[in-house]
1. If one computes the Cα centroid of the range 126-151 and of the range 442-474, what distance in Å separates the two points?
2. Spelling out what I want: for every residue of the range 137-145, take phi, set θ = phi - 60°, compute 6.51 cos²θ - 1.76 cosθ + 1.60 (Karplus), and round to whole Hz; glycine and proline get x.
3. Exactly which chymotrypsin sites (Phe, Trp or Tyr not before Pro) in the range 150-258 are in a DSSP loop and have at most 13 other Cβ atoms within 10 Å?
4. Just going by the charge dipole of the range 20-382, with Lys and Arg at +1 and Asp and Glu at -1 on Cβ, which of ALA166, PRO66, PRO135 is farthest out on the positive end?
5. Quick one: compute the contact order of the range 177-280, relative version, from alpha carbon pairs under 8 angstrom and 6+ residues apart, as a percent.
6. Applying the Karplus parametrisation 6.51 cos²θ - 1.76 cosθ + 1.60 with θ = phi - 60° to the phi angles of the range 104-110, what ³J(HN,Hα) value in whole Hz is obtained for each residue in order, glycine and proline being reported as x?
7. For a quick check: with amide H placed at 1.01 Å from N, whose amide H comes under 5 Å from ASP299's, ignoring anything fewer than 5 positions away on the same chain?
8. Kindly express, to the nearest 10 degrees and within the range 0 to 90, the angle between helix 187-200's C-alpha long axis and the longest C-alpha principal axis of the chain.
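What follows is calculated from the coordinates using simple rules that are stated; it is not laboratory data. Quick caveat, the model's predicted, so the values are computed rather than measured. A quick note on method: Cβ atoms are made from the backbone with ideal geometry, for glycine too, and the neighbour counts reach across all protein chains shown.
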Amino acid sequence: AGEGAVVTVEADQPGAQVHPDVFGQFMEHLGTGIYGGVWVGEDSPIPNDGGYRTDVLQALKDINVPMVRWPGGCFADEYHWRDGIGPREDRPVKINTNWGGVNEDNSFGTHEFMGFAQRLGARTYVSVNLGSGTPAEASQWVEYMTAPAGTTALARERAANGHEDAWTVDYLGIGNELWGCGGNMRAEYAADLTNRFVTFTKPGTGEMLKIASGPSDSNYEWTETMMKISGKLIDGLALHFYTRPRDATWEDKGPALGFPESEWASTLDHTMEMDEFITRHSAIMDKYDPEQRVMLAVDEWGTWYDPAPGTNPGFLQQQNSLRDAMVAALNINIFTKHAERVKMAAIAQMVNVLQAMLLTDGPRMVKTPTYHVFDMYEPWQGATALPVDVAAPMYEKDDVSIPAVSVSAVRGTDGQVHLALVNVDPNNAHPVTIALDGVNPAGATGRILTARAMDAHNDFENPEVVTPTAFTGARVSRGTVTATLPAKSIVVLQLR
Ligand code: AHR
């Protein structure tokens with residue numbers, strides 16, 4: 001085993017809540033993320049519940065998906081909600097200009113999205129079209145979704161289309177990536193438009209938090225301007241950050257599988273920049289919002305590789321390996337650390353697109369390593385974040401030098417302390433010693449996710465190559481937990 005890590009967890013400190021919606025998911029009209037992946041229609045030979053794949057629904061229910069963001073992404077700023085209501089056969093066919101130039105038949109629209117969220121028991125995040133739409137169109141969509149039954153012409157139209165009662169829109173996205181595909185705007189102009197849209201989108205029922213289009217990566221000027229001009233009117237600012245193995249250009253990101261160790265290292269190094277981005281965006285937000293009323297919503301995050309060989313490059317399909325599981329775990333640890341400001345996030349994207357939970361092909365479905373991380377971290381949803389101090393040896397490869405061990409700790413809604421221990425070193429096991437302040441548990445049970453190869457992954461032929469197994473290697477004595485983390489492993493422990 002390599003050098004040991006020494007950890008202290010202040011289990012008796014009151015911390016911020018890890019909002020369940022930090023485990024949110026993003027679904028866009030993109031490739032087979034919705035069509036084929038979630039929605040197959042009632043007449044499909046693929047088993048479905050009202051048009052939604054039953055295998056996908058069940059798998060997502062099993063990880064307790066708390067919130068879903070829809071319809072985009074870049075798609076949102078070209079979407080006109082009226083195209084997606086009424087009899088499906090009458091809905092217009094359009095071209096999905098952002099993603100592969102394929103036909104969009106609008107068979108998945110507002111009712112289908114809300115039906116999906118309802119089946120999952122998930123909160124809803126709907127992004128309105130600011131880039132090419134009007135405040136009137138956005139305002140009418142909000143009214144259509146949220147006006148109480150029977151009250152307005154739009155509420156009656158909703159009922160005529162099959163849904164009498166108002167839905168709850170928990171989050172309203174005010175455009176998406178307004179600095180890019182959402183309209184290539186300057187921050188000042190985007191903020192003025194945000195204020196205009198925010199003013200005219202009023203929910204008929206329920207609390208609806210308004211999330212402004214925020215920065216990507218280290219665009220701190222964007223955050224400064226948005227907070228200065230719109231900070232008082234919005235409830236959240238979005239942050240987007242995609243992890244690429246090679247981040248010099250978007251043309252050459254690196255493959256999802258068959259990569260060298262140098263790209264294992266660079267990917268994990270890059271993804272850990274999330275910590276700095278959140279820290280610095282939060283510091284700017286603190287200037288304008290010292291009470292931390294406005295959340296930082298990391299509503300697009302995850303890995304982005306070169307498209308899988310032989311696939312439509314506009315569909316953003318990629319395999320998902322143990323490396324992706326590492327990325328997921330590291331980011332969740334970072335979100336836990338920043339629970340005060342990061343109250344919502346959405347991994348991109350839920351099914352078949354980028355860092356997906358599930359991959360489908362016709363009637364087949366497979367759970368990815370990332371899915372299993374979301375499963376293992378379920379006790380984090382709604383838990384209290386506990387302060388953690390980690391002194392870890394470094395993992396070094398070429399010009400990368402990062403801590404070999406990452407840790408987060410929470411007190412779950414079950415009252416128990418849960419620990420997540422991530423060893424990113426692909427070559428060495430590392431012992432960890434965790435001193436627990438304020439608790440003296442009798443024992444620990446846990447699960448581990450690891451595999452032999454760095455790019456180990458699940459496919460339709462071999463769906464359980466990367467799957468959690470019981471971890472029995474933790475010892476607990478006098479308020480201290482010790483364990484040896486195998487190379488490239490994620491261990492989640494529940495203390496008892
Ligand atoms: O998730 C894919 C795309 O990435 C989204 O549509 C866009 O918002 C981002 O650039």
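1. 44 Å
2. Each residue of the range 137-145 in turn: 4, 5, 5, 5, 5, 4, 5, 4, 7 Hz.
3. Working: sites: TRP167, TYR171, TRP179, TYR189, PHE197, PHE200, TYR220, TRP222, PHE241, TYR242, TRP250; in loops: TRP167, TRP179, TRP250.
Passing sites in the range 150-258 are TRP250.
4. ALA166
5. That works out to 24 percent.
6. 10, 8, 6, 6, 9, x, 4
7. When sequence neighbours closer than 5 places are left aside, the close amide H contacts are LEU239, ALA346.
8. Helix 187-200 and the main axis of the chain meet at about 60 degrees.
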